[in-house]
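Asker: Mind having a look at this structure? Questions to follow.
Values in this text are rule-based calculations from the coordinates and carry no lab data. Not measured: the values here are computed from a predicted model. We place every Cβ from the backbone using ideal geometry, glycine too, and count neighbours over all the protein chains shown.
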């Protein structure tokens with residue numbers, strides 16, 4: 001046996017990164033969205049429509065902040081997923097897939113990608129246009145130049161980017177924040193968590209700049225979000 005055959009093979013880091021990008025692009029090509037370009041919005045759960053004045057508009061960015069932001073981001077993607085759209089999760093390998101399924105996400109159309117920080121932007125760019133919704137949880141500071149390039153690609157390709165930790169440079173088109181969060185179901189040392197009541201406030205740019213809010217169970221007793229209907233105070237007749 002030749003001596004060269006006994007030596008361990010050395011992998012060029014640049015070649016390894018290029019190979020990962022190529023494989024990611026191949027996956028993206030295979031799951032490319034089938035929706036027509038004239039469809040300007042993606043489906044939303046009825047419980048969330050009040051938070052999106054223009055609907056879940058293609059080419060837009062959505063930031064979600066506060067306690068329960070991941071659950072809210074999954075709820076944003078749920079209706080599109082069940083309608084046939086692919087969803088990519090970037091940078092959150094510990095995502096609770098059981099919770100995602102309960103909220104309504106179709107797991108058979110979910111990609112989970114965990115790139116290194118150095119290739120994060122390239123991975124997201126490869127997925128934009130290949131899938132309809134890209135959920136990102138960046139563990140590093142996204143540079144303004146990165147955000148501008150990705151936003152331009154989103155507008156060109158028609159995907160929606162949802163940032164689950166609320167840190168999107170220059171502000172997202174739709175900005176949601178969980179302001180209050182309270183779990184129910186636990187008693188004094190007993191019981192199980194059944195649902196969480198949250199108040200979500202909304203802002204953003206353009207038509208989404210109008211302040212708005214919604215009270216939700218996220219999750220509800222069955223896992224899916226539920227609107228909390230607040231009764232108006234009764235009017236007291238003046239004698």
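Asker: Considering segment 64-120, what Rg and Dmax in Å follow from its alpha-carbon atoms?
Answerer: Using the Cα atoms of segment 64-120, the pair Rg, Dmax is 11.5, 34 Å.
Asker: Something else about it: Could you tell me which of rounded, prolate or oblate describes segment 39-184, using a ≥ b ≥ c as the square roots of the eigenvalues of the alpha-carbon gyration tensor, with rounded for a/c under 1.5 and, failing that, prolate when a/b is larger than b/c and oblate otherwise?
Answerer: Here segment 39-184 falls in the rounded category.
Asker: Okay, next question. Counting pairs of alpha carbon atoms under 8 Å apart in space and at least six apart in sequence, what relative contact order in percent does segment 36-89 give?
Answerer: RCO, segment 36-89: 39 percent.
Asker: If you rank 121, 184, 159 by fewest surrounding Cβ atoms within 10 Å, what's the result?
Answerer: By the 10 Å Cβ count, ascending: 184, 121, 159.
Asker: Can you put 160, 110 in order of Cβ neighbours within 10 angstrom, beginning with the fewest?
Answerer: Ascending number of Cβ neighbours within 10 Å: 110, 160.
Asker: Further question: Relative contact order, percent, of segment 55-160 when contacts are C-alpha pairs under 8 Å separated by at least 6 residues? Please list the in-between numbers first.
Answerer: On the way: 148 pairs, mean separation 40.6, N = 106.
38 percent.
Asker: For residue 212 and residue 116, what is the calculated FRET efficiency with R₀ set at 25 Å and r taken between the beta-carbons, to the nearest 0.05?
Answerer: Step by step, r from the Cβ atoms, then E = 0.10.
Asker: I've got another one for you. Beta carbons within 10 angstrom, averaged per residue: use that to sort the peptides 124-134, 80-90, 204-214, 94-104, highest first.
Answerer: Those peptides, ordered most packed to least, come out 124-134, 80-90, 94-104, 204-214.
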